[in-house]
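Notes follow once the structure below has been shown.
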Amino acid sequence: MAKDKTIRLHRKRDPYPVLMGRGLLADSGRRLAELWGTRKRIAVVTQRRIDRLHGDQLRLSLEKAGLNATFISMREGEHHKNLDTVRNLYEKLSRHRFGREDGIVAFGGGVVGDTAGFVAATYQRGVELIQIPTTLVAQIDSALGAKVGVNLPSGKNLVGAFYRPAAVLIDPNILATLPTREFRSGLYELLKYGFIYSKEIFRKMESSPGTFRPLDLSLDRAIALSARVKLHVVRQDERESGLRRILNFGHTIGHGLETASGYRWLTHGQAVGWGMIAASRLAHRRGLIREHTRQRMEAAISGLGRLPKLGCLNRQKVIEAIRRDKKTGPQGLRFILPVGVGKVEVVEGLPSDEIAWVVKSLGVGRR
Ligand SMILES: NC(=O)c1ccc[n+]([C@@H]2O[C@H](COP(=O)([O-])OP(=O)(O)OC[C@H]3O[C@@H](n4cnc5c(N)ncnc54)[C@H](O)[C@@H]3O)[C@@H](O)[C@H]2O)c1
């Protein structure tokens, strides 16, 4: 029998297991049956493209384990991470007579994970959820940490819940079919961990940005390291009343850009890339980092590839979306700014003129 190469990313007392291994998808049926038994009916929420590429492997694995699964597709794109899709999924679950004792598997990227997760948290007051993330963003970030939710036209993730999955199963082999743009989006989130916590990740990405490729084993180490950083942070502050805020590095401005774009043409990772550039510029302007560090930071971000230009976005719309973001404290907008490589600080009450300055510096509204 082949040796089981699956590794455990969670700690013993963590509320749910997070397992990672190349080939884990083919074994996911057995893992699900261990967790849930074989009496639960399973709704696999996914997207057509993912189903076409990887669905049969999951189906076969579930069948082999004696599990009864129904595959349900939702539409692709950030602009479908909304309440219409949620309603549509509720209707489909109800039509198939899914009940509270059944389970949902979110099989996709962050859009599927967040939306199906929110459905799991709310359908019939909550059904159990397992995340099988299929993008780099989802494997290192969105599937971990129990935040689920959808966007409103006025802002990102404005409707949501904290809802723990029963397990997260990460198979890096699935990333081999990711389009380059989507893989790169994940690299921005990977770099985020370098900025906020891990000099090792930052240095690696700074010195050789092309290091990580879907089939390279070095990627496994980076995924494991990032996932462990996220779990470590969430373990201490699941509900984001303190430490967890550092995970929002690059996200306040990033979310503003995504909202102002109507959740089209800019991927979440690209928006975070721009957001991290903005954070470095703000930090430098406030004297938190030296010019040399700012340049290093921006070079590490640009090293991942060219970010889409922001000239077509309306500057006022971006600023309004940033102001409406959830990351607001009693003193106004809260920002996470770098104070060195691998270290960030929470800054409260950033004045409007600084936000306007940095948004302009990104080329927003400059046609
Ligand atoms: N909940 C959280 O804590 C958290 C954290 C970070 C990001 N997010 C959310 O995650 C979302 C972004 O997720 P994303 O970047 O994964 O985007 P995504 O889910 O839209 O996936 C990107 C595209 O890749 C396709 N795809 C997925 N897996 C594939 C595969 N293996 N092969 C080929 N194509 C594949 C999808 O169909 C989609 O078209 C955003 O909505 C963001 O807000 C949430």
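Where a number appears in this text, it was derived from the coordinates with a stated rule and is not lab data. It should be emphasised that the depicted structure is a prediction, and the values quoted were computed from it without experimental measurement. Cβ sites come from the backbone with ideal geometry, for glycine too, and all protein chains shown count toward neighbours.
In plain terms, the bigger the Kirkwood radius, the slower the diffusion; for the chain, with that radius from Cα pairs, at 10 °C and 1.306 mPa s, Stokes-Einstein puts D at 76 µm²/s. Toward the positive end of the charge dipole of the chain, with +1 on the Cβ of Lys and Arg and -1 on the Cβ of Asp and Glu, the farthest Cα among Leu247, Val18, Ile42 is that of Leu247.
Here the chain is assigned +1 on the Cβ of each Lys and Arg and -1 on the Cβ of each Asp and Glu. Its dipole about the Cα centre then comes out at about 240 debye. Of all lysines in the structure, those lying under 22 Å Cα to Cα from Lys343, and not within fewer than 8 positions of it along the same chain, are Lys192, Lys199, Lys204, Lys230, Lys327.
Relative to the 2.2 N^0.38 Å rule of thumb, the range 260-367 has a C-alpha radius of gyration ratio of 1.04. The rule of thumb for compact globular proteins, 2.2 N^0.38 Å, goes into the C-alpha radius of gyration of the range 189-333 1.08 times. Which values of log₁₀ I(q)/I(0), to two decimal places, follow from the Debye formula for the range 1-131 at q = 0.10, 0.14, 0.19 Å⁻¹ with a uniform point scatterer at every Cα? Log10 of I(q)/I(0), two decimals: -0.32, -0.63, -1.15. The distance between label points at Glu345 and Ala161 comes to 3.9 nm (points 7 Å beyond Cα on the Cα→Cβ vector).
Rg then Dmax, both in Å and based on the Cα atoms of the range 150-208: 15.4, 39.
Could you tell me the calculated FRET efficiency between Asp353 and Leu83, based on Cβ-Cβ distance and R0 = 45 angstrom, to the nearest 0.05? That gives a FRET efficiency of 0.80.
Using C-alpha pairs below 8 Å separated by at least 6 residues, the relative contact order for the chain is 14 percent. Restricting the calculation to alpha carbons of the range 67-109 gives Rg and Dmax of 11.2, 32 angstrom. Compute the separation of the alpha-carbon centres of the range 8-56 and the range 152-201 and state it in Å as a whole number. Rounded to whole Å, the Cα centres lie 17 Å apart. Rounded to the nearest Hz, the phi-derived 3J(HN,Hα) couplings of the range 41-53 under the Karplus curve 6.51 cos²θ - 1.76 cosθ + 1.60 (θ = phi - 60°) are 8, 10, 9, 9, 8, 8, 10, 3, 4, 5, 4, 4, 7, where x marks glycine and proline. Residues Glu200, Glu101, ranked from the fewest to the most other C-beta atoms within 10 Å, line up as Glu101, Glu200.
Using the average count of surrounding beta-carbon atoms within 10 Å as a protection proxy, the listed peptides 15-21, 121-127, 106-112 rank, highest first, as 106-112, 15-21, 121-127. In order along the range 201-211, the phi-based Karplus estimate (6.51 cos²θ - 1.76 cosθ + 1.60, θ = phi - 60°) of 3J(HN,Hα) comes to 5, 4, 5, 5, 6, 6, 7, 9, x, x, 4 Hz; Gly and Pro are listed as x. Here, the range 79-206 yields an orientationally averaged convex hull projection of 8.8 nm² when only Cα atoms define the hull.
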